[in-house]
Amino acid sequence: MNPDPILVAEGVVRSYGQRRVLKGVDLTLHPGEIYALLGHNGAGKTTLVRAICGRLKPDAGSVRLNGADPARTPAARAGLGLVPQEIALYANLSVRENIETFAVLAGVPRAGIPAAVRRAMELTRTLERADAPVRTLSGGFQRRANIAAAIVHQPTLLILDEPTVGVDIDAREAVDAVIRDLRDLGVAVLIVTHDLDQAGALADRVGFLRDGTMVLEGEPRALVAEAYGDQMEILVHLSEGLDTAGEIRLAAEGLEPTRRPGVWTRLDAGGYAAAGRLDARLRKLGLAPREIRVREPSLANLFTLVADRKAA
Amino acid sequence: MKTRALMALAMMRVMALELWRDRAALVMTFLLPPLVFLIFSSVFAGTSGDNLQPKLAVTDLARTDASRRVAAALLKSPDLRAETAPDPAAVRARVKSGQVDVGLVIRADPAAPGKPFLIVADPSRAVAAPLAQARTQQALAAAAPDAALRRSVEALTPALGDLTPVQSARIDAAAKQLRAKPPALKEDLFDREQIAGARKGGAVIAYYAGAVMILFALFSAMQGALSLMEERRAGVADRLLAGVAGMGPVVTGKFLFLTAQAIVQAVMIFVVAQAVYGVEALQHFALWLPTTLAAGVCSAGLALGLVSLCRTRDQAQMLSTFVILVLAAIGGSMAPRFLMPAWLQSLGWLTPHAWVIDAYQAVLWRDGGIGAVYKAWIVLAAVGATGLGVAQALSRDPQR
């Protein structure tokens with residue numbers, strides 16, 4: 001990996017009044033790396049991003065963006081692109097007009113604007129709708145145009161805040177492809193997201209922020225493997241209308257309820273064979289499952305563990 | 001510096017394109033001001049009195065020859081819109097209900113001594129009563145000159161003593177002659193001279209051109225400045241604050257656009273004012289332009305400053321309504337300032353409206369020079385610059 005990181009945040013502390021929102025957070029990003037920042041609402045993700053963007057000064061610790069403090073040196077922010085969660089574009093303007101505007105506002109030299117705008121639209125695959133007003137575009141196109149406006153000045157660090165919230169699967173895959181392409185061009189990408197599937201599929205590294213502290217950080221597969229070893233997740237789908245006695249029996253089998261009603265889960269190193277034995281026992285107890293699934297634990301499992309303070 | 005100017009221009013382009021593509025807003029911005037000006041000016045141009053035709057209800061209780069002639073003359077008069085009423089109660093009822101502006105009861109023979117005419121007036125239409133009185137006197141002189149003669153003789157009797165039979169006979173003969181062939185009416189007391197260079201509708205039209213200009217300049221500027229809130233909500237502000245330039249050029253670009261928008265609105269209003277009412281805006285262009293520029297700068301800066309002080313769009317919307325309505329009412333954009341009580345007129349100087357209206361009147365109506373308007377220019381430009389300064393400072397505050 002490139003030895004020169006683009007972003008180095010060290011021991012960042014920040015309080016709002018009495019409340020400490022960041023309690024000494026470290027974060028380093030290298031060129032050509034996708035980093036997913038995870039955490040519940042209020043964990044401190046937004047505050048950390050604002051510190052990286054130079055919009056607030058840490059009470060302690062430091063943020064270095066391309067070697068300079070973004071809060072003190074505006075030039076440090078020249079290599080930064082931010083994609084807000086909302087569609088931060090002018091709705092009555094076309095995609096091209098929007099990107100042109102943000103190119104000028106990002107300080108792209110006048111002569112280079114047409115080429116820069118074209119490049120941004122090519123990278124985000126929005127060229128075919130270049131002259132359509134943004135308000136007439138589908139959600140997926142709007143998301144990609146939103147990214148295009150943030151990369152027109154060729155930033156070295158791109159921060160995306162919930163880039164796929166509220167879009168369908170096809171649109172999400174298109175956005176993911178754009179993000180991968182940018183990574184392959186050497187851009188460091190920081191994604192703030194609740195979408196754990198996206199984070200697991202896309203990110204080279206993930207970080208869990210909990211109550212202002214980075215409690216876990218690393219490569220997603222490695223983190224999952226470390227937490228779960230060779231255990232598999234067994235998911236049991238039951239008919240609805242389970243009584244308390246039934247719930248007690250399921251708990252006795254080591255199953256835990258999930259957020260989805262009628263779906264219980266447990267980790268087991270025995271894999272498919274263990275699932276077969278569990279099925280037989282549940283049938284004997286009169287709790288015949290509608291479906292049993294066996295799968296590798298995902299980042300979502302790990303996130304639940306971390307959030308519930310059962311890990312890290 | 002050049003880069004920041006280009007950034008501000010890019011923002012002006014955004015504002016212009018957004019407005020151009022929102023046809024409803026476009027009509028509201030540029031066609032509504034001249035229309036509202038036309039409505040206001042048609043309403044208030046009448047109050048100058050040059051074409052007042054009060055509605056008059058007449059009832060004749062005397063039913064003498066002279067009283068019938070006076071009533072008939074009033075009904076025919078082109079200066080009034082007179083109608084007959086059956087009795088004094090009907091006259092009072094019509095005045096009270098506003099069906100007519102003023103009432104006249106002919107109580108006795110106009111030729112006989114005493115006060116034969118009773119004017120029934122509504123205090124809220126004060127100007128109608130003296131007008132009706134004057135028209136009745138004219139009608140008496142024109143239609144019943146014999147009765148007028150007899151009244152004059154009656155008035156002289158205390159000074160001259162009783163008339164001799166010969167004198168009485170001469171007066172009867174003269175009255176008979178007057179009745180048969182009334183002389184052409186001549187106003188022997190008054191001559192009239194029009195002020196040299198006075199223009200039709202004049203002061204009131206110049207007043208309302210200025211009043212509507214600043215009303216709409218501020219209204220449109222507040223609407224435009226609300227886009228700052230929209231940019232905060234949609235994340236455009238986040239996007240730009242994460243960049244090199246921040247929101248500064250955005251605020252500057254909006255300021256320039258809103259100033260230019262106010263100037264275009266002013267052009268629309270004054271073109272109509274000149275075409276329809278002959279307001280001499282073109283002839284006073286050298287002073288009209290800086291006045292318009294100062295008004296535009298003031299409205300743009302004030303709107304941006306006020307909206308920047310708000311934290312939410314709801315707050316900004318409420319403040320905007322307050323500013324547009326209350327300042328306009330106090331400043332004289334709705335009702336003329338010269339009709340307001342003195343304390344309210346003084347309070348008016350705290351609004352840009354009063355300064356703008358006064359400056360336009362000075363330039364276009366009073367033919368004032370720079371000496372008459374430089375103070376207004378300074379006040380308006382200072383308010384605009386302060387607002388812009390506040391908006392710039394708050395747009396940089398990263399905590400907001």
Subject >> Criterion: assigned to a helix (DSSP H, G or I), modelled with pLDDT of 90 or more and over 30 Å from A:His194 (Cα atoms) - qualifying residue of A:Arg281, A:Arg249 >> reply: A:Arg281
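Step by step: first the residues of segment B:10-25, then only those that are more than 8 Å from chain A (Cβ to nearest Cβ) and surrounded by 13 or more Cβ atoms within 10 Å (Cβ to Cβ), then the one that is modelled with the lowest pLDDT. Which residue is that? Reasoning before the result, please.
If we filter segment B:10-25 for residues that are more than 8 Å from chain A (Cβ to nearest Cβ), which is where we start, we get B:12, B:15-16, B:19-20, B:23-25.
After this cut, where a residue has to be surrounded by 13 or more Cβ atoms within 10 Å (Cβ to Cβ) as well, the list is B:12, B:15-16, B:19, B:25.
Values: B:Met12: 95, B:Met15: 95, B:Ala16: 95, B:Leu19: 93, B:Ala25: 90.
Applying the filter and picking the extreme gives B:Ala25.
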**OP:** Would you mind stating whether B:Thr291 is away from every other protein chain (no Cβ under 14 Å), among the hydroxyl-bearing types (Ser, Thr, Tyr) and under 28 Å from A:Arg50 (Cα atoms)?
**Re:** no
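Sort through B:Ala134, B:Ala121, B:Ala141 and tell me the only one that's closer than 14 Å to B:Val95 by Cα and not β-branched (Val, Ile, Thr). Spell out the reasoning first.
Numbers: B:Ala134 fails: closer than 14 Å to B:Val95 by Cα; B:Ala141 fails: closer than 14 Å to B:Val95 by Cα.
The unique qualifying residue is B:Ala121.
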**OP:** Report the residue count in segment B:134-166 for those that are out of contact with any Leu (no Cβ under 9 Å at 6 or more places or on another chain) and part of a helix (DSSP H, G or I).
**Re:** 13
Original post:
For B:Thr292, which of the numbered conditions (1) within 26 Å of B:Ser41 (Cβ to Cβ); (2) at pLDDT below 95; (3) not hydrophobic (A, V, I, L, M, F, W, C) fails to hold?
Top reply: (2)
**OP:** Name the residue, out of B:Arg366, B:Arg313, B:Arg396, that is among the basic types (Lys, Arg) and surrounded by 14 or more Cβ atoms within 10 Å (Cβ to Cβ).
**Re:** B:Arg313
**OP:** Only residues that are part of a helix (DSSP H, G or I) and either exposed (fewer than 11 other Cβ atoms within 10 Å of the Cβ) or basic (Lys, Arg) (or both): list them for segment B:167-181, please.
**Re:** B:Arg170, B:Ala173, B:Lys176, B:Arg179, B:Ala180
Subject >> Out of B:Ala142, B:Ala121, B:Ala111, B:Ala128, sole residue that is hydrophobic (A, V, I, L, M, F, W, C), under 22 Å from B:Asp87 (Cβ atoms) and either touching a residue at least 40 places away in the same chain (Cβ under 8 Å) or out of contact with any strand residue (DSSP E or B) (no Cβ under 8 Å at 6 or more places or on another chain) (or both) >> reply: B:Ala128
**OP:** Restricting attention to segment A:240-258, report how many residues are within 16 Å of A:Arg293 (Cβ to Cβ) and among the polar types (S, T, N, Q).
**Re:** 1
Subject >> For A:Pro74: the one exception among (1) out of contact with any Phe, Trp or Tyr (no Cβ under 9 Å at 6 or more places or on another chain); (2) modelled with pLDDT of 95 or more; (3) at the interface with another protein chain (Cβ under 8 Å from one of its Cβ atoms) >> reply: (2)
Original post:
Cβ-Cβ below 6 Å, separation at least six or inter-chain, first residue in segment B:242-270 and within 14 Å of another protein chain (Cβ to nearest Cβ) and free of Cβ contacts under 8 Å to residues at least 60 places away in the same chain, second buried (at least 24 other Cβ atoms within 10 Å of the Cβ) and outside any helix (DSSP H, G or I): which pairs?
Top reply: B:Ala242/A:Leu80; B:Ala242/A:Leu82; B:Gly243/A:Ala106
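Condition (residue is under 30 Å from B:Ile171 (Cα atoms), hydrophobic (A, V, I, L, M, F, W, C) and at pLDDT 90 or above) applied to segment B:87-104: is it met by at least one residue? Give the derivation first.
Looking only at segment B:87-104, we keep the residues that are under 30 Å from B:Ile171 (Cα atoms), and these are B:104.
Going one step further and asking which of them are hydrophobic (A, V, I, L, M, F, W, C), we end up with B:104.
Adding the requirement that they be at pLDDT 90 or above leaves B:104.
Yes, some residue in segment B:87-104 is under 30 Å from B:Ile171 (Cα atoms), hydrophobic (A, V, I, L, M, F, W, C) and at pLDDT 90 or above.
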Subject >> Residue that is surrounded by the most Cβ atoms within 10 Å (Cβ to Cβ), among those in segment B:251-268 that are polar (S, T, N, Q) and touching a Gly at 6+ places or on another chain (Cβ under 9 Å) >> reply: B:Gln265
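Residue-by-condition table, conditions (1) within 19 Å of B:Lys254 (Cβ to Cβ); (2) surrounded by 18 or more Cβ atoms within 10 Å (Cβ to Cβ); (3) away from every other protein chain (no Cβ under 14 Å):
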| position | (1), (2), (3) |
| --- | --- |
| B:Ala8 | yes, yes, no |
| B:Val27 | no, no, yes |
| B:Pro34 | no, yes, yes |
| B:Leu56 | no, yes, yes |
| B:Thr59 | no, yes, yes |
| B:Leu74 | no, yes, yes |
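Only residues that are aliphatic (A, V, I, L, M) and under 34 Å from the mean Cα position of the chain (by Cα): list them for segment B:13-23, please.
Start the filter on segment B:13-23 by keeping residues that are aliphatic (A, V, I, L, M), which leaves B:14-17, B:19.
Result: B:Met15, B:Ala16, B:Leu19.
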Subject >> Pairs where the first residue, in segment A:143-163, is without any contact (Cβ under 8 Å) to a residue 40 or more places away in the chain and the second is in a loop (DSSP other than H, G, I, E, B) and surrounded by fewer than 23 Cβ atoms within 10 Å (Cβ to Cβ), C-beta under 7 Å, 6+ apart >> reply: A:Arg144/A:Arg125
Subject >> Residue ID - farthest from the other protein chains (Cβ to nearest Cβ), chosen from residues in segment A:103-144 that are under 21 Å from A:Pro163 (Cβ atoms) and basic (Lys, Arg) >> reply: A:Arg125
**OP:** Could you tell me which residue of segment B:369-400 is farthest from the chain's Cα centre (by Cα), considering only residues that are touching a residue at least 60 places away in the same chain (Cβ under 8 Å) and not in a helix (DSSP H, G or I)?
**Re:** B:Pro398
Subject >> Selection from segment A:81-102 of residues that are buried (at least 23 other Cβ atoms within 10 Å of the Cβ) and more than 8 Å from every other protein chain (Cβ to nearest Cβ) >> reply: A:Val95, A:Asn98, A:Ile99
Subject >> Of all residues in segment B:347-357 being under 21 Å from B:Thr291 (Cα atoms) and in a helix (DSSP H, G or I), the one that is nearest to the chain's Cα centre (by Cα) >> reply: B:Ile357
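Kindly indicate the residue of segment A:121-137 that is on the phi < 0 side of the Ramachandran plot and within 22 Å of the chain's Cα centre (by Cα) and also surrounded by the fewest Cβ atoms within 10 Å (Cβ to Cβ) among those meeting that condition.
Taking segment A:121-137 and keeping what is on the phi < 0 side of the Ramachandran plot, we get A:121-124, A:126-137.
With the extra rule that they be within 22 Å of the chain's Cα centre (by Cα), the set shrinks to A:123-124.
Working: A:Leu123: 20, A:Thr124: 28.
Only one residue fits best here, namely A:Leu123.
The values are calculated or read from the model by the stated rules, or taken from the named source; none is laboratory data. Since the model is a prediction, treat every value here as computed from it, not as a measurement. We place every Cβ from the backbone using ideal geometry, glycine too, and count neighbours over all the protein chains shown.
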